[in-house]
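Shown next, in structure tokens, is the structure this report addresses.
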């Protein structure tokens, strides 16, 4: 009986997994993890650390001013953060449920559901960002 | 492959790390969706957006924000530990316990630092003074 899994002395062996058997969601979970480290760090610095220094209360005006001050950083970072966070989070939920549910039909339904929820929030979140950018223009004129 | 079916987790640091990663991850998804739902008030009007933000700026929600910082920190630092495993570093896997305690310790250290910063540098938690 070979029980080396999880053993402290076991040497990890390279494994090759056939593409299409969860490899893409696995890979994208890693890619978005790297993305989140970058985007979330920028988000924390620009949305929170700078606030600590000014001590301002969070209002539309403040968000507005931020968009003005660093338009490129906010455009790139917010879209990147929205996309990565949604994929990473929803795929994470899918991973958890996959560990509990093995029925293939239920899994397929779950995957479709997760994709739909993700697309909805991506669309809606983009509208929110767009609304903030448009209000910024009207407020600044 | 069948040999893994009969295996049971026997606890330990690795399992604790896994469990905390799961729980923090689920909490963060809940936060993310709540966050996006809250901010969508911007699509309505400027006033609605301010109102939506004001709801979460009470001292209670500041404490919840701090808890969020702790959860994000753990998930990020343990996540980096996992990325090290997946990058093919056998050394990282060999020292997975030590790396967990490193991630856990850094979580607590940075969390305490953040808590001090929030309570000493953020006026809005006590009085709303605009900078």
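Please treat every number below as a calculation from the coordinates, not as lab data. Because the structure is predicted, anything quoted here is derived from the model rather than measured. Cβ sites come from the backbone with ideal geometry, for glycine too, and all protein chains shown count toward neighbours.
Just to be sure I understand the model, the point goes 7 Å from the Cα along the line to the Cβ. What's the resulting residue B:15 to residue A:73 distance in nm?
Taking the simple label geometry, residue B:15 and residue A:73 are separated by 4.5 nm.
Quick one: which of A:20-32, A:90-102, B:66-78 comes out on top by average Cβ neighbours within 10 Å, and what's the full order, highest first?
Going by the mean number of other Cβ atoms within 10 Å, highest first, we get B:66-78, A:90-102, A:20-32.
Mind checking the mean number of beta-carbon atoms from other chains within 10 Å of the Cβ atoms in A:119-131?
Average neighbour count from other chains, rounded to a whole number: 3.
Which whole-number percentage describes the relative contact order of chain B, with Cα contacts under 8 Å and a sequence gap of 6 or more?
Relative CO of chain B lands at 28 percent.
Run the quick spin-label model on residue A:109 and residue B:68: label points 7 Å from Cα toward the beta carbon, then report their separation in nm to one decimal.
Between residue A:109 and residue B:68, the label points sit 3.3 nm apart.
With a/c under 1.5 counting as rounded, go ahead and sort the stretch A:82-123 into rounded, prolate or oblate using the C-alpha gyration tensor (a ≥ b ≥ c being the square roots of the eigenvalues; past the cut-off, prolate if a/b is larger than b/c, else oblate).
Note, shape of the stretch A:82-123 comes out oblate.
Can you tell me the length gained on complete extension of the stretch residue A:21 to residue A:65, counting 0.36 nm per residue apart and subtracting the Cα distance?
11.2 nm
State, to one decimal in nm, how far the label point of residue B:112 lies from the label point of residue A:50, with both points 7 Å from Cα in the Cβ direction.
The answer from the label model is 3.1 nm.
Decide, for the stretch B:23-131, between rounded, prolate and oblate: order the square roots of the alpha carbon gyration tensor eigenvalues as a ≥ b ≥ c, take rounded if a/c falls under 1.5, and otherwise choose prolate if a/b is larger than b/c, else oblate.
oblate
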